[in-house]
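First the structure, in the form of structure tokens, and then the observations on it.
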Amino acid sequence: MTQHPILVTGGTGKVGRRAVALLRDSGVPVRVGSRSATPAFDWSDPTTWDTALAGVRRVLLVPHDGEMLTRPFVRRAEELGVERVVLLSGRGVDVPGYMRENGAAGLTHIDGEDAVRSCGLEWTIVRPGWFAQNFSEGFFRDAVLAGELRLPAGDGAASFVDAEDIAAVAVAALTEDGHAGQTYELSGPTAVTIAEVAALIAKATGRAVRYVPLSVEEFVAELVAQGWPKADADDYADVIGPIRRGMDSHLSDGVVRALGRPPRDFAQFVAEAAAAGAWQD
Ligand SMILES: NC(=O)c1ccc[n+]([C@@H]2O[C@H](COP(=O)([O-])OP(=O)(O)OC[C@H]3O[C@@H](n4cnc5c(N)ncnc54)[C@H](OP(=O)(O)O)[C@@H]3O)[C@@H](O)[C@H]2O)c1
């Protein structure tokens with residue numbers, strides 16, 4: 001296909017790392033874009049962008065939440081000869097009332113999607129819902145280890161999607177024809193409540209894990225008491241809100257559309273993560 005390296009920004013993160021592995025397994029040259037890569041790529045330092053983009057024709061763009069950098073980055077990529085961009089976005093960007101309009105990640109994705117759609121590159125947008133891996137390597141892992149998922153999620157369910165599937169869809173869009181102009185909404189095959197998540201992880205690991213439903217006010221107060229800035233605590237509560245309001249339980253067909261196979265099941269993710277030691281102290 002190409003001997004030009006594919007740039008993966010966020011290439012050490014939950015999705016990017018898996019995309020890098022899939023590309024390397026297929027023999028595709030890859031360049032990791034992150035602060036810990038060599039050479040380092042830092043969203044906050046545009047003088048590092050050209051080196052990351054040199055000789056690149058295709059990019060998996062995992063954006064920098066809270067900043068409006070996707071647009072200038074895509075513009076620079078186009079100037080330097082990039083031909084195709086696959087953008088990692090997020091569920092709900094086009095759904096009124098999904099999140100507060102001034103939420104940090106939401107604004108990044110709204111502007112990023114517009115930038116990608118209006119640029120001159122071939123583009124594909126990947127819009128996942130909640131990642132299953134938030135519980136094993138993301139911001140819920142510490143709570144799992146502490147034995148209590150204390151969240152303002154009510155009785156809401158979410159159709160958690162496996163980051164392996166997100167990466168596989170992104171890699172298909174990077175390396176195959178037929179994905180240009182597509183927006184792939186991704187979810188897992190079922191929706192589970194946070195109480196069900198806790199029970200599944202408890203059963204698979206033998207750990208005591210339970211869900212403690214909090215009000216938004218209780219949740220924000222707990223985070224502020226732990227030293228969080230109030231604005232960040234509000235943002236965190238805001239991203240949980242769609243689960244509580246029943247806006248994250250629907251299923252999306254992007255994995256089947258892009259890959260021709262069903263998405264991986266949440267229970268399968270839990271079993272494999274437990275077997276890999278994801279919840280060992
Ligand atoms: N988590 C979810 O449930 C969810 C759901 C839908 C959409 N999303 C979206 O998915 C994206 C996050 O993807 P992810 O979970 O795979 O990422 P992640 O695991 O949080 O990893 C973040 C990546 O960004 C890199 N990074 C952080 N700061 C950087 C900087 N200043 N310059 C360059 N690189 C930087 C990190 O590498 P270094 O630290 O080495 O720099 C790392 O590779 C976000 O845009 C989020 O809104 C997440």
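The values are calculated or read from the model by the stated rules, or taken from the named source; none is laboratory data. All values derive from a computational prediction rather than experimental measurement. So basically every Cβ, Gly included, is an ideal-geometry build from the backbone, and we count neighbours across all protein chains shown. Heads up: the accessible areas ignore ligands, DNA and RNA and are worked out on the full protein's heavy atoms, side chains in. Shrake-Rupley method; radii C 1.70, N 1.55, O 1.52, S 1.80 Å.
In terms of Cα atoms, the Rg and Dmax of the chain work out to 18.7, 54 Å. For the residues Leu23, Leu107, a 1.4 Å probe over the protein chains yields an accessible-area ranking, largest first, of Leu107, Leu23.
The residues of the chain expose on average 43 square angstrom of accessible surface per residue, using a 1.4 Å probe on protein heavy atoms. With R₀ set to 35 Å, the beta-carbon distance separating Leu259 from Tyr236 gives a calculated FRET efficiency near 0.65. Surface composition of the chain: carbon plus sulfur atoms hold 52% of the accessible area, using a 1.4 angstrom probe and ignoring ligands, DNA and RNA. The charge dipole of the chain, taken about its Cα centre with unit charges on the Cβ atoms of Lys, Arg (+1), Asp and Glu (-1) only, comes to about 560 debye.
Once Rh for segment 1-114 is found with the Kirkwood sum over Cα pairs, what is the Stokes-Einstein diffusion coefficient at 25 °C and 0.890 mPa s, in µm²/s?
Value of D from the Cα-based Kirkwood radius: 169 µm²/s.
Across segment 155-281, Cα-Cα distances exceeding 19 Å account for 61% of all pairs. Each Lys or Arg adds one and each Asp or Glu takes one away; over the other residues whose Cβ falls under 15 Å from the Cβ of Arg71, this sums to -4.
Using a simple spin-label model with pseudo-atoms 7 Å out from Cα toward Cβ, Asp42 and Ala225 lie 3.7 nm apart. Label separation (Ser118 vs Val212): 4.6 nm, computed from points 7 Å beyond Cα along the C-beta direction.
Note the full-extension length gain between His250 and Gln182 as 0.36 nm times their separation in residues minus their Cα-Cα distance, in nm to one decimal.
22.5 nm
These residues, His179, His64, go from largest to smallest accessible area, 1.4 Å probe, as His64, His179. Remark: segment 121-127, residue by residue, has Karplus-estimated 3J(HN,Hα) of 8, 5, 9, 9, 10, 10, 10 Hz, where x stands for each Gly or Pro and the curve is 6.51 cos²θ - 1.76 cosθ + 1.60 at θ = phi - 60°. Note on surface exposure: Ser44, Ser159, Ser215 rank Ser44, Ser215, Ser159 by accessible area, highest first, 1.4 Å probe. Each Lys or Arg adds one and each Asp or Glu takes one away; over the other residues whose Cβ falls under 12 Å from the Cβ of Tyr211, this sums to -1. Here Ala195 and Arg71 are evaluated by their C-beta separation; at R0 = 51 Å the FRET efficiency comes out at 0.80. Centre-to-centre separation between the Cα atoms of segment 152-221 and those of segment 60-130: 20 Å.
The long axis of helix 266-275 is offset from the longest Cα principal axis of the chain by roughly 90 degrees. When the helices in the chain are scored as -39500 (n - 2.57) per DSSP H run of 4 or longer and the sum is shared across all residues, what 222 nm value do you end up with, to the nearest 500 deg cm²/dmol? About -12000 deg cm²/dmol.
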